[in-house]
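Worksheet: the structure to be examined is printed underneath.
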Amino acid sequence: MSCYFQLAEEDVWNPSNSVAQIFLGQADVLSRSLGEQTGLGPIIEDECEIDFSQFVRFTNSLVKSYQDSNNRSFRSLLSGVIAVSLVLIERGGGAVESITPEYAEMWAELRANHAKSMPTG
């Protein structure tokens, strides 16, 4: 079984159900920590609808929090959710404005590496 993450009826990611639930759970915890809505809907009939503008705001908050911190454990916990989120935003035609020049190459490489293993359907 798998779950389709969708942007306006377009499938942007099709992970297994367990991976989808882990991603949503991690995003939910980070959402509460940052006080920012994720933009990720619940899984309904193996589909998760993404509110793109809200999701981009959430990801911007994650990226900014990562870049503003020097705590390795905190950064490690954020990096997986950020990597997946960057791929989804790229596939939706968006951009993350909070990426600073000194981190741009790192985020681009992380996004590219993750995109290879994130099927769309």
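The values are calculated or read from the model by the stated rules, or taken from the named source; none is laboratory data. Quantities reported herein were computed from a predicted structural model and do not represent experimental measurements. When we count neighbours, we look across all protein chains shown, and the Cβ atoms used for this are built from the backbone with ideal geometry, even at glycine.
Residues in the range 89-119 that are surrounded by 13 or more Cβ atoms within 10 Å (Cβ to Cβ) and under 18 Å from residue 18 (Cβ atoms): 114, 118.
Any residue at all in the range 22-31 that is over 13 Å from the mean Cα position of the chain (by Cα) and either crowded, with 16+ Cβ neighbours inside 10 Å or small (Gly, Ala, Ser) (or both)? No, there is no match, as no residue in the range 22-31 is over 13 Å from the mean Cα position of the chain (by Cα) and either crowded, with 16+ Cβ neighbours inside 10 Å or small (Gly, Ala, Ser) (or both). Got at least one residue in the range 4-15 being within 13 Å of the chain's Cα centre (by Cα) and charged (D, E, K, R)? No, the conditions are met nowhere in the range 4-15. Could you go through the range 66-73 and let me know if any residue there is surrounded by 14 or more Cβ atoms within 10 Å (Cβ to Cβ), under 26 Å from residue 4 (Cβ atoms) and in contact (Cβ under 8 Å) with a residue 24 or more places away in the chain. Scanning the range 66-73, I find no residue that is surrounded by 14 or more Cβ atoms within 10 Å (Cβ to Cβ), under 26 Å from residue 4 (Cβ atoms) and in contact (Cβ under 8 Å) with a residue 24 or more places away in the chain, so the answer is no. Give the residue that is modelled with the lowest pLDDT, with candidates limited to residues of the range 99-121 that are outside any helix (DSSP H, G or I) and within 26 Å of residue 10 (Cβ to Cβ). Per the stated criteria, the residue is 121.
Residues that are buried (at least 17 other Cβ atoms within 10 Å of the Cβ) and either among the β-branched types (Val, Ile, Thr) or more than 12 Å from residue 46 (Cα to Cα) (or both) within the range 1-12 comprise 7, 12, listed in sequence order.
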